[in-house]
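Data block below; observations after.
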Amino acid sequence: MAGAAPVTAEAVQALRAGAARRVRLTGIRRRGRRAGLSSECRPSVRGVVVTTYSTVDDVRYRSGGDNGILRHVLFEEWQSRCYWCETPVLFASVEIDHILPHTATAEHLADLIRRHDLPADFDVHAPANLAPICGRCNREKSNNRFAGTLVTGKLARAAKKQDRVIQRVLAFATAHQRAAHAVAADQALRSPAEVLARIRMLTERVQAFSDTWRQDVTTTADGIALLFTPKTAHQEPGLPPLFDLSADDPATDEVGRGLTEVRDYGGAVVIDGRYLIPPDDSATSSIAEVLGLTGPDDQVLIAAVGTQLDPATTFHLALVTAGGAVRDRLPLHADSVASGQRGARMILRDGVGLFTACLQAEHPDNGGTITTHLTSTSLAGHYPYQLLAALQLFRDAEPTDRLEVRLNDRPLGSPVDVDAEQMGQILLAFRYDGDLITALDRVQAHTGQRFPVPEQITAKERTDLLLAARLLDGKAITLTDDVLTLTVKPDAIGAFLQDQHPGQPGELTAVGAEYAVTCGEHRMALGPVTIRAPQVTLVNADEMSAAATAAPVKARYQCLPGAKIAVHLASVDAPDGRPAKAAADYPRF
């Protein structure tokens, strides 16, 4: 099921949270009315601490100092990944790691330098020994040995990156100093025109901050913010140059589609290492070597890093009446947002994973719509109690209702490729499944047998489970047969006939054998049942009297027209409040 709806400001803000990050410049604040700058605007300036890098030797880790610029450059040079586990990470969670520990004793450090064949004057605080690392790896790595070939490879990669890291840190620091001076100059601003001119200058200067991100200045209710977006966001490049997708390989179409999906909407794709482009010359390390690929079966994971949504954002799968009223809601939990050049994509699931909604928000340049794809998985394999919350959504469903995915209780679109009749059939099918799973859970709880829903439940098993649930609720079930047969032992035939009034209608109440139902390979016994027939007559009394046999005989009771045979659990009183009366023999039906 899929649907589309116009993009709302709230929907775009929630779904495209991963497409940009805003960083507020605390050095500039705006006073006056929120609607705009007044002629009395007086921006105030806070103290700005600027890291000074003037020479190549200055670019090194500073214990207890400001390493923000160095951390930023290392993060980009290592492709936004933790260098130790090679997993994509967010900049906010990355730390600077010393590949060889700077806390080692002088003797231990000298031994490590010798083992890795490094210069004796190797500087552990220089970029050749620095790399971005995630918090988990930083904690785990601290307990590992540092003399293996893995560390040697990491040091080699860091050494190749050192010159570019130094150049970028120096360039970045220069731009940072200029920006700080510009902030200080804002103290002299006296008019809205001067403020706007300063903003234009800042917009031009911050472009030199990064090779990867374009940074734009914008005003907010609290001051001035920087908007970070990829510099290639509005370009349409071909497939990434890392891969060689030759036309004569039939598998390249699928690989190409996967790469295109990641580029357009984010997510992840796994690609065989054989598609990596080899180096142009033997002196250059291949991409496979850099990534640590050693065999023909190795694979590369291409992933777009998303961000988590605001915890206050809520999603629901709602059952809505024809009049627009919400009948019931099922909470959905969102994964992180994946975004690309064409738009953003998010996956929503309920607690047990029975329903999955894929939301795809197109960029305004591509139409600006949100499409909703809703799918459901099989009930099989789940325990009934796990499914109750999801299926409760359909307990009161009507054929005229519809399903909607809602963001903060606002619809994101309803299915458009399913007509009203099909939707009604789908809803009633889920309602019936909900009744069945509720009955199965009720029987399992009573018998103490817990097992997942089987792959297949026959029509008879479905009917029996629904009837069993009625019995457990203290309700009677009515048999479709109008003949009740009792088996009488040979030595009890005489006493049995003396107690009967052939041809005269009467009431028959008997305690029967245990009532059991099956579900797949499982048999569940509910206990003995009481059978009550309010108006029956014994129709074969003469046949029983003439029988001279050592085998049991059958007594057949016929219900009068309109009378029904009712069954309820023996542990529950009869519907009229009278306790059940036991009989000498058990009925069979």
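The values are calculated or read from the model by the stated rules, or taken from the named source; none is laboratory data. From a predicted model like this one, the values you see are computed outputs, not experimental measurements. No Cβ is skipped: glycine too gets one built from the backbone with ideal geometry, and neighbour counts run over all protein chains shown. Accessible surface is based on the protein model in full, side chains and every heavy atom, while ligands, DNA and RNA are left aside. Shrake-Rupley method; radii C 1.70, N 1.55, O 1.52, S 1.80 Å.
In the structure shown, do any of Lys141/Lys161; Lys460/Lys489; Lys460/Lys554 have a Cα-Cα gap over 25 Å, and if so which? Correct reply: Lys460/Lys489; Lys460/Lys554.
What's the ranking of 427-440, 103-116 by average number of surrounding C-beta atoms within 10 Å, highest first? Let's see the in-between values first.
Working: 427-440: 19.6, 103-116: 13.4.
Packing order, densest peptide first, comes out as 427-440, 103-116.
How do His446, His125 rank by accessible surface area computed with a 1.4 Å probe, from largest to smallest? Spell out each step's value before the answer.
On the way: His446 90, His125 35 Å².
Ranked list, largest accessible area first: His446, His125.
Under conditions of 20 °C and 1.002 mPa s, the stretch 379-491 yields 127 µm² s⁻¹ as its translational diffusion coefficient, taking Rh as the Kirkwood radius over Cα pairs in the Stokes-Einstein equation. Highest mean packing first, where packing is the average number of other Cβ atoms within 10 Å per residue, the peptides 519-526, 381-388 line up as 381-388, 519-526. Summary value for the stretch 320-404: 27 percent relative contact order, contacts being C-alpha pairs under 8 angstrom separated by 6+ residues.
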